[in-house]
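Below is one structure, written out as structure tokens; comments come after it.
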Amino acid sequence: MRREFIAGNWKMNTVTKEAAALAAAVVKAAEGVSHRVLIAPPYTALHAVLPVISGTNVELGAQNASCELAGAHTGEISVTMLADLGVTVVILGHSERRQIYFETDELINKKIHTVLAAGLEVIFCVGETLDEREAGRAVAVVEEQLKNGLVGVDASQLSRLTLAYEPVWAIGTGKTATPDDADEIHAAARKTVATMYNSELAENLVVQYGGSVKPDNVRELMAKPNIDGALVGGASLSADSFGPIVRFNS
Ligand code: PGA
């Protein structure tokens, strides 16, 4: 049985006061829900959010991490530093990291290894661009990112990895993949994981959809058999929109 998982990626938004207030509102919204709920504030707000969520069912995520553990890496943040601030899950491979900051499949693979080896969890993002979708390559691109990202990842580590399918053309654009389109990609990704590992691990893999998830489309998406959660950007920045997403099934 896969446990549903709703995550909010705040991206480069909120200063500490705003972050603490938003976290408190998410804690309230998440009261009593049985699925997983996570918020990923910017690095600079992690220390302000931790005391607000500790002892609650809301988990603390980071939006990225270095592939290195320490040393001369100006501007980087290590997984050890994140764990020290209470982070338990790290988002890796987000399309903004891939596209704006040129992160390659190889680097993302290295980061996945670093985070898993440190005992934390990963939300691993994959997704095609509009050009790739229009060329009929959506499934192939997702499969390739998935295979490259998981090189050398042991089957025993896979239970600490959530996959997030985020079509690049749907992020922050108001365009959402139809639930059927998203479900089709999720099913294909699950098949790839079955080929790489085995069908039981593929069946147990939690796959989130991300890209303009809103209160008015979350139910329809979550009703699909292969959609187990949501990775929410814009709509996670206000309790008015993230609250109903968190409580999508109540
Ligand atoms: P969006 O972002 O919900 O604003 O489209 C999703 C994401 O980038 O994770």
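Each value in this text was obtained by applying a stated rule to the coordinates, not by laboratory testing. Only a predicted model underlies this, so the values are computations on that prediction, with no experimental measurement involved. We place every Cβ from the backbone using ideal geometry, glycine too, and count neighbours over all the protein chains shown.
Hey, got the dipole for the stretch 5-246? About the Cα centre, +1 on K and R Cβ, -1 on D and E Cβ, debye to the nearest 20?
Values: 18 positive and 29 negative charges, 87 e Å.
With Lys and Arg at +1 and Asp and Glu at -1, about 420 debye.
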Query raised in the report: When only C-alpha pairs under 8 Å and at least 6 residues apart count, what is the relative contact order of the stretch 5-246, in percent?
Result: 20
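Would you mind putting 159-170, 116-127, 62-73, 183-194 in packing order, based on average other-beta-carbon counts within 10 Å, highest first? All intermediate terms of the calculation are to be shown ahead of the outcome.
Numbers: 159-170: 22.7, 116-127: 21.2, 62-73: 16.4, 183-194: 19.3.
Order by mean packing, descending: 159-170, 116-127, 183-194, 62-73.
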Requested in this report: Just the number, please: percent antiparallel of the DSSP beta bridges in the stretch 5-246, rounded to the nearest 5.
Outcome: 0
**Report entry** the chain: most fluctuating residue of GLY172, GLY233, GLY211 per GNM, C-alpha cutoff 10 Å
**Finding:** GLY172
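Beyond 22 Å, how much of the Cα-Cα pair distribution for the stretch 16-94 remains, as a whole percent?
Numbers: 763 of 3081 pairs.
Of all Cα-Cα pairs in the stretch 16-94, 25 percent lie more than 22 Å apart.
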**Report entry** Proximal lysine pairs, the chain, alpha carbons under 22 Å, eight or more residues apart or interchain
**Finding:** 14
Query raised in the report: So, how do all the Cα-to-Cα distances of the stretch 5-246 break down into 10 Å bins, in percent, from 0 on up?
Result: 8, 34, 38, 18, 1
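Gain in length, THR56 to VAL15, computed as 0.36 nm per residue apart minus the alpha-carbon separation, to one decimal in nm?
Taking THR56 through VAL15 to full extension adds about 12.6 nm, to one decimal.
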**Report entry** Cα-based Rg / Dmax (Å) for the stretch 128-184
**Finding:** 13.1, 37
